[in-house]
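Student: Take this structure, written in structure tokens, and hold onto it; I'll ask about it next.
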Amino acid sequence: MRRIIKKISIIISIIILIIIGLYHFRYGKSQKYFSEDGQYSFYSKRNIYDISLINAPGDGDTNGGTIYVFDEIEKKVIYQFESSWLRADMEASGFSSYNNGAFNCKSGHWFNLPRPIKE
């Protein structure tokens with residue numbers, strides 16, 4: 001009896017770890033969008049968990065994921081944030097020379113950039 005309970009608890013633990021892993025794993029990389037001067041870019045990665053969900057027709061690219069703002073000079077990610085509507089946020093995101101350079105997104109994320117954008 002103890003062996004059965006032990007095997008069941010191991011199986012349940014493995015299933016829970018797989019679900020947690022799928023939820024946090026990011027899939028693929030979208031096209032990079034660059035600032036006017038090429039110093040910065042942003043791209044997205046989709047959640048593997050959201051890809052496995054069944055969507056309504058015409059609703060294919062509205063899953064969640066992470067949007068990354070990348071510094072092309074220092075070669076590192078400077079900001080990242082979660083998005084529940086990845087396609088809409090990517091289409092409405094962009095760089096601005098306002099306030100010496102900023103990144104803004106439809107979902108309300110606004111980040112000041114380390115260096116000003118050259119026009």
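The values are calculated or read from the model by the stated rules, or taken from the named source; none is laboratory data. Quick caveat, the model's predicted, so the values are computed rather than measured. Here the Cβ positions follow ideal geometry from the backbone for every residue, glycine too, while neighbour counts run over all protein chains shown.
Student: When the residues of the stretch 87-119 are filtered to those that are loosely packed, with under 13 Cβ neighbours inside 10 Å and either among the hydroxyl-bearing types (Ser, Thr, Tyr) or touching a Ser or Thr at 6+ places or on another chain (Cβ under 7 Å) (or both), which remaining residue is modelled with the lowest pLDDT?
Tutor: Among those that are loosely packed, with under 13 Cβ neighbours inside 10 Å and either among the hydroxyl-bearing types (Ser, Thr, Tyr) or touching a Ser or Thr at 6+ places or on another chain (Cβ under 7 Å) (or both), it is Tyr98.
Student: Would you point out the residue of the stretch 61-86, among those that are under 14 Å from Lys45 (Cα atoms) and at pLDDT 85 or above, that is surrounded by the most Cβ atoms within 10 Å (Cβ to Cβ)?
Tutor: The extreme case among them is Val69.
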